[in-house]
1. Sort the following peptides by mean Cβ neighbour count (other Cβ atoms within 10 Å, averaged over residues), highest first: 136-143, 324-331.
2. With +1 on the Cβ of every Lys and Arg and -1 on the Cβ of every Asp and Glu, and nothing else charged, how large is the dipole of region 370-468 about its Cα centre, in debye rounded to the nearest 20?
3. Can you tell me the orientation of helix 379-390 relative to the chain, as the angle in degrees between its alpha-carbon axis and the longest Cα principal axis, to the nearest 10?
4. At a temperature of 25 °C and a viscosity of 0.890 mPa s, determine how fast region 206-346 diffuses translationally according to Stokes-Einstein, using the Kirkwood radius over alpha-carbon pairs as Rh; express D in µm²/s, rounded to the nearest whole number.
5. When DSSP assigns beta bridges and you keep just the ones with both residues in the chain, what percent turn out antiparallel, to the nearest 5?
6. Please give, to one decimal in nm, the separation of the simple spin-label points placed at THR147 and SER207, each 7 Å out from Cα toward the Cβ.
7. Please say if region 404-530 is rounded, prolate or oblate, where rounded means a/c under 1.5 for a ≥ b ≥ c the square roots of the C-alpha gyration tensor eigenvalues, and otherwise the choice is prolate for a/b larger than b/c and oblate otherwise?
8. Once the Cα atoms of helix 167-179 and of the chain are each reduced to a long axis, what angle between those two axes, in degrees from 0 to 90 to the nearest 10, is obtained?
Amino acid sequence: MKFLFPEVLWALFALLLPVIIHLFSFRTSRKVYFSDIRWLQLLQQQTNKRSRLRHLLVLLMRCLAVAALVFAFAQPYFPTQKQRLASAEAVSVYIDNSASMGLSSETGINLEQAKAAAVALAKSARPDDRFQLIRQENSMLEMRSMTREQFIEAVDVTQLVSTTRPLSLIASRQEEWLKVQAKPGRRIWFSDFQQGSQDFESINPDSSLTTSIIQFKPTSASNLYIDTAWLSSPIVTTGKTVRLLFRVVNSGNVARSSVRIALEINGVQKGLSTLDLEAGQSWVDTIDFTPSGNGWQKAALVLEDQSVTFDDRYYLSFEIKSAIEVLVITEQQANTYLKALLSSDDFLQPVYLSGNQLDYNRIQQFPVILLDHPKSIASGLQMALIEAVNAGATLLNFPNGDFPQAGNEFLAQLGLGGLGQAQSGKFPVRKLALQHELFQETFSRIPEQPDLPEAVKYLPFFGPNNAIQLLGLNNRDALVSTHRAGDGRLLQFHVPLDPAWSNLQQHALFVPLVFRSILLSGGIRPLAYRLGKPTPISLRLQLPAQEVFELISDKNRYIPELRRQQGTVSLQLDELQQAGWYALKSSKSDTIYAWLAVNADKVESELIFMNDAALEQESQRLGTRYFSFTHAELTPQLIQQDQSNPLWKWFLAAVLIFLLAEILLLKFWK
């Protein structure tokens, strides 16, 4: 005979209680005076013997009742002949420790219930059984084989994480481990089975594996969360009001009113919004704030949601730059109009270099490059410019009127075509790309007959028709066009900055067009990232070579997979397990190169769970067994699926029999 819960047998010490009660009887005696007791002596001897026997039998019945009750709770069973002859077993256990498993059911937190069931399962196993524990976090340690004691220790330290992995990946990792075990194997899944991360259709049935599916359903399924956030303008400068837009989702089936959402920047509240949301509704709201200081800013949107709290904080980060360097590749002397524009604002820091002064390796350090009317472009410079643009730089090309085709070879290598022969005539601008980001925040209102630039000569563009005309002429050619190249942008001017060609350099549109092109250089970096995404993120950063870089938060530090390529840095975030702010730092210095805001996968915020019918259907397709438990009977039923001849019911019947025998002894044995 074996026991599912042998530790319950310690309760047999309770047998001492009835013994103590019988040894120390607290019943008081009363004196009765008789004139002659000679006739009572024989009766007293006979009564004492019967009473002592009666008391011993009552004591025996009580001890047997207590012992039977303890054995019933210890869950005794007789293993079958097959089980007695079976060899050790390999058991792969998946415990879903994603954020949603931190919700509670009727009997407690779901993750704690799953851990308790896994520990009980291990304690009932054979000493030579081997275990695998696989969780949501991606770790090579999950492929190791553990003893029963090691498994219990690993389960005890399991905590909630912000990452999620699809069930198909979990199943494949279990299959890999079970294949290398020279033992019969089975796998068990403990999860709440949210619909968003359960890709049962990608799991192929395997008749060689015994699989048990155990679902934990939370009692609360109403949640508010922030889906995404963005700035109305990618340019953030000190002292200038910025509008933050964000989308809030009510994924529950209950309407919510007066929901407060606060914006915190560096730990200080900067704005507040209140909104109402119907069930299943999403809403875009705004908070205006005025940033202060320079450098990286750690921000967060914090909403009040008492029912579910793991996603109440949405982390953000952005950088306020005090200045931006602009590389101007010029001939002997810089263009007068360009020089005047670049010197008009202290935020711009121009660096003027001629072609023979350039260190090509330094070009990628500049987010903005201006080609100031070049007469020719050397092949080495062409390659350096192509790498910089593909890596995310913004290039403004001002052609030379005397050498209009000087940059055509360079443009062709970018896959953008080239400039043709000059066209003369009268060419007023008739088209203005007002919806383009370069013109946003430029006009407060548009007059009915605006004053627009005019050209008397221009250089038409030929090649792939993938350009966006920022300023279009009356003959449908462009005065200024923009092109995407790799991760960067080319802003192509079709006239030199010369009054003999056009009045563009003297027009009011010229300054905001060039200025915003510089400010928007390097692209728009997201305010936040999501955990669990296999695609690496790309940052335009210059990091020292031959150094190891870390992502460091308040509680964790990781060494991410990092790749440098053409002035950008590619980071893999799949090792991160917790949401929060992470500083990108070198292990050799305290310099912070960037702050990354990382949030939990929003799949966890959608509290929609598979129902019993859907899980039962998938279980039948996979040839598995499905259990749905929300009470303390989970562990016995789970373990007993592989046991035979359970005896606890017989022991409960024995308890009743012994108690009945005690009652009969006390009532009829006088």
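1. 324-331, 136-143
2. So the dipole magnitude of region 370-468 works out to roughly 280 debye.
3. Approximately 40 degrees, to the nearest 10.
4. Here the translational diffusion coefficient equals 130 µm²/s.
5. 65
6. Taking the simple label geometry, THR147 and SER207 are separated by 3.8 nm.
7. Oblate, because a/c is 1.5 or more while a/b does not exceed b/c.
8. On a 0 to 90 degree scale, this one is about 60.
Any read-out appearing in this document is the output of simple, stated calculations on the displayed coordinates, not a laboratory observation. Only a predicted model underlies this, so the values are computations on that prediction, with no experimental measurement involved. A quick note on method: Cβ atoms are made from the backbone with ideal geometry, for glycine too, and the neighbour counts reach across all protein chains shown.
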